[in-house]
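One structure is given below, encoded as C-alpha cells.
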Amino acid sequence: MTDMHRIVFLDRDSVIANIRKPSFAHEWTEYPATAAADAMQRLRDARATIAITNKVPLRAADLAQLPDLKMIAVAATGTDIVDLAACRERGIVVSNIRNYAVHTLPEHTFALILALRRQLVAYRADIEAGLWQKSDRFCLFGHPISDLAGSRLGLLGYGALGKSVARIAQAFGMEVMVHTRSPIPDAAADGVREVGFDELLETSDVLSLHLPLNDKTRNLISAKELIRMKRSALLINTARGGLVDETALADALRSGVIAGAGFDVLVKEPPPEDNVLLNLRLPNFILTPHSAWASSQAMQVLVDQLIDNVETWVDGAPRNVLA
Ligand SMILES: NC(=O)c1ccc[n+]([C@@H]2O[C@H](COP(=O)([O-])OP(=O)(O)OC[C@H]3O[C@@H](n4cnc5c(N)ncnc54)[C@H](O)[C@@H]3O)[C@@H](O)[C@H]2O)c1
Ligand SMILES: O=C(O)[C@H](O)CO
C-alpha cells in the first residue's frame, strides 16, 4: 500500500456538511463538481489513489486508464455510477454509505404519499384559482381524499430504507407487504408480509421502491407492470431513476392507468429540458430534485461515514465494501 495517499473528491459540492480530513498522511484535492467527461483526466493528473464520488460516473474505460487508483469511496448508498465488475477485475476497492438516510428518505417518501393521497397539489391549485373563495360552502370538494389507515403499502426492497418506511407505514395503520431479492427471516417479527412480485404489484394501494438500480432492476416497472396495478394505486420512487420506464409512467398517468406518482429520481440528473416526466404538469404527479436524502443531519452522518470508510480501508480493516 502507498505511504502517501492522494485523494480526489470529484463532486464536493454535492454534500453540504463539514468533512473532517482523514487521519492518515494524504494529499487532498476537491472539485465542486466534475463533468463525467473530465473525471478520468482529473484523477489521472492527481495520480489519485482514492477517488471520492457521489454522482460522477466511473466506468470501465475510465478505470483502465487509472493505474494508481486503489479505492473508490462512493459518497452515497447507490453505487450504480460505478462499474463494480470492472473494479473487481482491477482490484479496486469500492465502498458506499449505509443507513445514513433512515430518517430523511422515509420522511420524504411519506411527504410524497400524503401529498398525493390528500390531493394537496390539486387543492392548492383550486385555491389559487379562487374556487374556495367563490364557493357557497365552508369546505371545497372535488378531489377524492383517501386515508392511509387500512390501506396496503407494497415495498420493493426491504433493506435499511424499506424497513424504515415500513415502520412509519405501520404507525399510520397501513398493512405492509414486501418483496425483495432474498427471503426475509424477520418478516413476522417486523409485522410485514412477504409476497411475490405479482401480488405486490396487483394488490398494493401504494407501491414504493427501495432497491438498487442494476442490470436486473432496470425498467422493472414498465407499461406491462403499470397496467397490472390498481387504478387507484400510487407509485413512489425515491430509489433510482431507471427502475421505472419514464415514458410508460407518463402515459399511465395521463390515461388514468394508476392514480398518481411521487418521484425523487430520474434516469438522467440533472434532467434535460425535454424529460417526459419533467414536463408532466399533472396534480397527481409530484417530482422532487433527488433531495430525499438531503436533510442536514443525514448529510453530516454521510460524510462522517465516508471518512470512516477510507480510514478503515487504509488501516487494513475496510468496511462497507462492495467490490
Ligand atoms: N433518493 C435518495 O435520496 C436516495 C437516498 C439513499 C438511497 N437511495 C436509493 O435507495 C436504494 C435502497 O437503499 P437501502 O439503503 O435500503 O439499500 P439496502 O442495500 O439496505 O437495501 C436494498 C434492498 O433491495 C433489495 N433488492 C436488491 N435487488 C433486488 C431485486 N432485484 N428485487 C427485489 N429486491 C431487491 C435487497 O434485497 C435489499 O432488501 C439505494 O440502492 C439507492 O439507490 C436513494
Ligand atoms: O444513494 C444515495 O445515497 C443518494 O442518491 C444520495 O447520493
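The values are calculated or read from the model by the stated rules, or taken from the named source; none is laboratory data. This is a predicted model, so every value here is computed, not measured. Note: ideal-geometry Cβ built from the backbone for every residue, glycine included; neighbour counts use all protein chains shown. The accessibility values were calculated without ligands, DNA or RNA, using every heavy atom of the protein model including side chains. Shrake-Rupley method; radii C 1.70, N 1.55, O 1.52, S 1.80 Å.
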**Request:** Could you check how many residues of segment 259-270 are over 15 Å from Leu114 (Cβ atoms) and more than 15 Å from the chain's Cα centre (by Cα)?
**Result:** 0
**Request:** For Asn275, state whether it is exposed (fewer than 13 other Cβ atoms within 10 Å of the Cβ) and either outside any strand (DSSP E or B) or not hydrophobic (A, V, I, L, M, F, W, C) (or both).
**Result:** no
**Message:** Tell me whether segment 203-215 contains one or more residues that are of a type in the set (Val, Ile, Thr), under 22 Å from the mean Cα position of the chain (by Cα) and open to solvent by less than 10 Å² (accessible area, probe 1.4 Å).
**Reply:** yes
**Message:** Between a residue in segment 149-164 that is assigned by TED's automatic domain parsing to the domain that holds Ala187 and any residue that is within 15 Å of ligand 1 (Cβ to nearest atom) and hydroxyl-bearing (Ser, Thr, Tyr), which pairs come within a Cβ distance under 6 Å, given they are 6 or more apart or on different chains?
**Reply:** Arg152/Ser204; Gly154/Ser204; Leu155/Ser208; Gly157/Thr180; Tyr158/Thr180
**Item:** Selected residue (only one of Ser182, Ser232, Ser204 is away from ligand 2 (no atom under 16 Å from the Cβ), among the small types (Gly, Ala, Ser) and at pLDDT below 95)
**Value:** Ser182
**Request:** Filter segment 54-92 down to residues that are small (Gly, Ala, Ser) and under 17 Å from Val303 (Cβ atoms), then give me how many there are.
**Result:** 4
**Complete:** Residue set Ile81, Ile72, Ile50; condition in contact with a His (Cβ under 6 Å, 6 or more places away or on another chain) and not assigned by TED's automatic domain parsing to the domain that holds Arg240; output residue Ile50
**Message:** Under 9 Å between Cβ atoms, which residue pairs at least 6 apart in sequence (or on different chains) link something in segment 264-280 that is closer than 16 Å to Ala294 by Cα with a partner that is crowded, with 18+ Cβ neighbours inside 10 Å and among the hydroxyl-bearing types (Ser, Thr, Tyr)?
**Reply:** Asp264/Thr109; Asp264/Thr238; Val265/Thr238
**Message:** Considering only residues that are out of contact with any Lys or Arg (no Cβ under 8 Å at 6 or more places or on another chain) and more than 16 Å from ligand 1 (Cβ to nearest atom), which ones fall in segment 215-244?
**Reply:** Ala223, Lys224, Leu226, Ile227, Arg228, Met229, Lys230, Arg231, Ser232, Ala233
**Item:** Some residue of segment 146-168 being in a helix (DSSP H, G or I), surrounded by fewer than 13 Cβ atoms within 10 Å (Cβ to Cβ) and at pLDDT 95 or above
**Value:** no
